[in-house]
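Working notes for the structure below.
The values are calculated or read from the model by the stated rules, or taken from the named source; none is laboratory data. This structure is a prediction, so every number in the text was calculated from the model and none was measured. Methodologically, a virtual Cβ is constructed for each residue, glycine included, from the backbone with ideal geometry; neighbour enumeration extends over all protein chains shown. Ligands, DNA and RNA are excluded from the accessible area calculation, which covers all protein heavy atoms including side chains. Shrake-Rupley method; radii C 1.70, N 1.55, O 1.52, S 1.80 Å.
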Amino acid sequence: MPAIYEGQYHEKTSIAGLHYIAFGVGLTLASQVNARYMDRIYIYFKNKNNGVREPEFRLPSMVPGTIILPIGMFITGWAAQNKVHWIVTDIGIALVGGGMILLFQSIQTYVVDTFTLHAASALAAVSCLRSFAGFGFPLFAPAMYNSLGYGKGNTILACVAIVLGCPAFVFIPPPTVSKLIP
C-alpha cells in the first residue's frame, strides 16, 4: 500500500501509512457483521436439516467474501492506476479487507467443524499454506506491478480469486464434502 500512495499519489510516508485505516475499517466491519450472522446461518441450516449439524453450514458466509474481495481488488487496482481520488482506492482497500476476513472466518470455522478431534492440526496446516502464500507473493508482486501496473496486476489477482473461490459453490453440493473426508 505505501507504494501506491507514495508512488501514484505522491504522499509522504507518514500520510501514506494512514491508508491502512481503510483496510482496518473493512476488516472490523466485516468481522463484526459476520460474527453476528455466522451462527444464525448455521442454526438455520441445522434446523432445516432436522437438527443434524454439517460443517458445510459454515460456508454460506463465504459467498459475500468471494464477491467483495475481487470487486475491491478491481477498484483498488484501477483507481490507483488511473490516479483517481485516493478515497476510491481506500474504498477498494476496505472491500479487500472485508472480503479477506469473511473468507478467513468462514474457512477457520469450517476447518474446526470438519476436523473436530484434530482441529489444531488442521488449523496449523491451513496457517502453513497461508504462510507459504504470504512468502511467495512478495517474490513476484513487485515485478508484476512494475511491468503490468496496478490495474492489470490487480485484475489478474482478482481473476485468480474468482477462479479459486467460486467453483466450490458451483460444483460441490454442501452435504457431500464431509462425506469425502474419512
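Miscellaneous remarks
Listed here are the residues, each with its yes/no results for (1) open to solvent by less than 70 Å² (accessible area, probe 1.4 Å); (2) within 22 Å of LEU18 (Cβ to Cβ); (3) under 16 Å from the mean Cα position of the chain (by Cα).
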site	(1), (2), (3)
LYS46	yes, no, no
LEU59	yes, no, yes
ALA80	yes, yes, no
ILE93	yes, yes, yes
LEU103	yes, no, yes
ALA119	yes, no, no
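- Candidate set from region 72-93 (those that are without any contact (Cβ under 8 Å) to a residue 60 or more places away in the chain and part of a helix (DSSP H, G or I)); member that is farthest from ILE162 (Cα to Cα): ILE87
- Residues within region 105-141 that are part of a helix (DSSP H, G or I) and either of a type in the set (D, E, K, R) or in contact with a helix residue (DSSP H, G or I) (Cβ under 8 Å, 6 or more places away or on another chain) (or both), tallied: 16
- Total residues in region 48-57, condition open to solvent by less than 90 Å² (accessible area, probe 1.4 Å) and in a helix (DSSP H, G or I): 3
- Residue check for MET38: in contact with a Gly (Cβ under 8 Å, 6 or more places away or on another chain), within 14 Å of GLN105 (Cβ to Cβ), open to solvent by less than 60 Å² (accessible area, probe 1.4 Å) and part of a helix (DSSP H, G or I): no
- Scanning region 1-15 for residues that are at pLDDT 85 or above and in a loop (DSSP other than H, G, I, E, B) turns up TYR9, HIS10, GLU11, LYS12.
- So ALA141, is it at pLDDT 90 or above and in contact with a Phe, Trp or Tyr (Cβ under 7 Å, 6 or more places away or on another chain): no
- Among the candidates LEU18, LEU29, residue that is part of a helix (DSSP H, G or I), open to solvent by 30 Å² or more (accessible area, probe 1.4 Å) and under 19 Å from MET100 (Cβ atoms): LEU29
- Qualifying residue in region 1-10 (condition: open to solvent by less than 30 Å² (accessible area, probe 1.4 Å), farther than 20 Å from TYR145 by Cβ and more than 14 Å from the chain's Cα centre (by Cα)): no
- Residue list for region 147-182, filter: of a type in the set (D, E, K, R) and modelled with pLDDT under 90: LYS179
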